[in-house]
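Step one of this worksheet: look at the structure below.
The values are calculated or read from the model by the stated rules, or taken from the named source; none is laboratory data. All of these numbers come straight from a predicted model, not from anything done at the bench. A quick note on method: Cβ atoms are made from the backbone with ideal geometry, for glycine too, and the neighbour counts reach across all protein chains shown. Just so you know, the surface numbers come from the protein's heavy atoms only, side chains and all, with ligands and any DNA or RNA stripped out. Shrake-Rupley method; radii C 1.70, N 1.55, O 1.52, S 1.80 Å.
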Amino acid sequence: MINTDSNDKHNSNVTDKMNCCSEEEIYTNERGKQLLNKEQNIRSVDRLPKVKNVGINWKEYQTSIISFAMLSIGLISDNYFKFSFFTNYVRLAWYAIAYLPVGLPVIKAGWKAIVNKDFFTEFTLMVLATVGAFAIGQYAESVSVMLFYAIGELFQGAAVNKAKNNIKALLDVRPTSASVLRANKYEEVNPNSVQIKEIIQIKVGEKVPLDGEMLSLGSSFNTSALTGESKPKSIYQGGQVLAGMLNLEKVIQLRVTKKFADSSISRILDLVQNATARKAQTELFIRKFARVYTPVVFFLAVALVGIPYFVLDTYVFNEWLYRALIFLVISCPCALVISIPLGYFGGIGAASRNGILFKGSNYLELMAKVNTVVMDKTGTLTAGVFKVQEIVTKGMDKIEFMKTLSAIESKSTHPIAKAIVEYVKNESYTYVVDEVHEISGHGLKGKVNKIDVLAGNTKLLKKFNIEYNEDIDNIVESIVVVAINNQYSGYVIVADEVKEDALDAIRQMHKNGISQTIMLSGDKNAIVQKVTKFLGIDTAFGDLSPEDKVQKVEELKRDKTKTIAFVGDGINDAPVLALSDVGIAMGAMGSDAAIETANVVIQTDQPSKIITAIKISKATRSIVYQNIILAFSVKAIVLILGADGLATMWEAVFADMGVALLAILNAVRIQRMMF
């Protein structure tokens, strides 16, 4: 039974701390507020809770143990030894004392709910049911109902604490100090106080406290806290290092590029914390259902006592009251209102461990329905980094050819020029470069070691009337043609590399219910079609502006049978991410605009994680549906049996707390699944 008053939070358990039977217990009890309060977590890093493996807190079980012992003695006295003194008031007093340790916290919580004008809570219904059972002499069953309810609450609390510990583990990733260079020496400070462009030092085995640019030659990092990947990642000078990574190799220096509150790990925590605010449609339905279901069952219980009086000749009040009390016990929808949010929370946690951040359970649920995946090319399916793919020369040594080309390209800031320079950066050579001129739309003209060199596209060679093989014009990739001393000398193909897992990702999409894959790109259509054919994508469009991409997705959305996910990483992808049913951003190298707009963020930038996200969402949906079917089926059966007098309080307890425990265990299962 869920307390539908949003202002009334029940935070106690059976040791005078009753756990309210709703998802609010997961996120909004006193400990949860301290844990999940965004401002506190960001600004009070030094006070972050640590995860500790503690044993069972037996104090929480003391009241249940006392009640269980007294109930057992009472049942033995009733059914086996049958002591003469264990009758009437002695028997009543014994069971009343057994009832109080587990019953008083529920009575207190029920009274608080009534004061707040919330009459149909699990607390009030359990009190009515058990007091009614006492009134008709069913002492042992009354104590049993409250005892098993209390034990069920303890198990629910354990499941909730497991979910909290997962968040604590994530919070523990965030570094608590930074070694910053000030006044020519390093000093330990709170990461919040470090400013952009300041230099910080990270020793071997330390966590990176803030996002920054690598100033040292390089190091390797454990990125599992951010990406879920256990394989170390090497980052070299000029590369971006993210907060939360663990330095594995050598002492390094970084130039800070983002404030602590804007760092990658802060962004992850913010997304995970805020994800609980966006509810899935199934969760919202269960909330609405509980508001109607519980009072309906309550009044059916009242009717079950009163109506037979007018239609039966042999009406026995105690018999029909007992049936009504069973109705009250069964009416508590705990199995639904705690296990379903816990299932979605577990799905979000499982995704986070795999480097996938869902901004809400509504997107987790919607992801399971996706049947059309639309993708950008550069930065999504390809690495977004130009690299030399092929070198073709005409009567010239390739090494000498590339050194000469690299020398003149070193005077350009174009991405293709940088790729060529990067290709030969480890070669030792000293060439004198002068008289370099950039010819707009054509390329570069200059002297390398006093030799005339032209480097650019074929239009540059045509401009200077230099003959070349016209087959070069049919090459679709980006190409740099070179002429030395006014003679064609060769060319270099520079292209964006397809990501390692892109091919397998497309294959897996087709195997996992994705009926159509589409690529939209602003790159040359010829290049787009070549990548499309290599990856096995169904349809692709090149030479698109951001407006064209929006138009294409709008056309797709006219087909109401399609649930569309768009995957992108750039600023120009933000409008399409917002338009699609599920927007997925590549988070490691993606723009802030794309990440802010997207509903799902893939921290590893791996296309294969799209499939992982779909698998997690489908597994979560399956578990949620299993719990709904289990709870409704068992409750319906026992309600019918109870109304017909065939079910006792023991069956009612199983239909309520027993099913709730099974549903909770099923919901927690997703946190152990491998995807």
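Among the listed pairs Lys425/Lys459; Lys377/Lys560; Lys233/Lys499, those with a Cα-Cα distance over 22 Å are Lys425/Lys459; Lys377/Lys560.
Beyond 20 Å, what percent of the Cα pairs of the stretch 449-531 remain?
Percentage above 20 Å: 52.
Applying 1/(1 + (r/R0)^6) with R0 = 41 Å to the Cβ-Cβ distance of Glu187 and Lys411 gives a FRET efficiency near 0.50. Relative to the current alpha-carbon distance between Leu154 and Ala69, full extension at 0.36 nm per residue lengthens the span by 28.9 nm.
By the equivalent-ellipsoid construction on the alpha carbon gyration tensor, the stretch 323-381 comes out with semi-axes of 39, 13, 6 Å, ordered largest to smallest.
Give me the accessible area per residue for the stretch 116-159, probe 1.4 Å, as a whole number in Å².
Each residue of the stretch 116-159 exposes 31 Å² on average to a 1.4 Å probe.
Using 0.36 nm per residue and subtracting the Cα-Cα separation, the extra length available between Lys59 and Lys117 on full extension is 17.7 nm.
Report the accessible area of Leu104, computed with a 1.4 Å probe over the heavy atoms of all protein chains in place, in Å² rounded to the nearest 10. About 80 Å², ignoring ligands and nucleic acids.
Of the solvent-accessible surface of the stretch 517-675, computed with a 1.4 Å probe over protein heavy atoms with every protein chain present, carbon and sulfur atoms account for 60 percent. Using heavy atoms of the protein chains and a probe of 1.4 Å, the accessible area assigned to Trp94 is about 80 Å². In this simple spin-label approximation, Val292 and Ile466 carry label points 7 Å from Cα along the Cα→Cβ vector, and these lie 7.8 nm apart. Taking all protein chains into account, the per residue accessible area for the stretch 418-566 stands at 55 Å² (1.4 Å probe). Sequentially through the stretch 370-377, phi angles give Karplus couplings (6.51, -1.76, 1.60; θ = phi - 60°) of 4, 10, 9, 10, 10, 10, 6, 9 Hz, Gly and Pro residues having no value and appearing as x. For the stretch 358-410, the per residue solvent-accessible surface stands at 35 Å², with DNA, RNA and ligands left out and a 1.4 Å probe.
For the stretch 318-421, a Kirkwood hydrodynamic radius built from all Cα pairs, placed in the Stokes-Einstein relation at 20 °C and 1.002 mPa s, yields a translational diffusion coefficient of 104 µm²/s.
Accessible surface of the stretch 428-479, 1.4 Å probe: 44 percent of it comes from carbon and sulfur atoms.
Name the shape class, rounded, prolate or oblate, that the alpha-carbon gyration tensor gives for the stretch 567-675, where a ≥ b ≥ c are the square roots of its eigenvalues, rounded holds for a/c under 1.5, and otherwise prolate holds if a/b is larger than b/c and oblate otherwise. Verdict is prolate for the stretch 567-675.
Net length available on complete extension from Phe85 to Lys447 is 118.8 nm, with 0.36 nm assigned per residue and the Cα-Cα distance removed.
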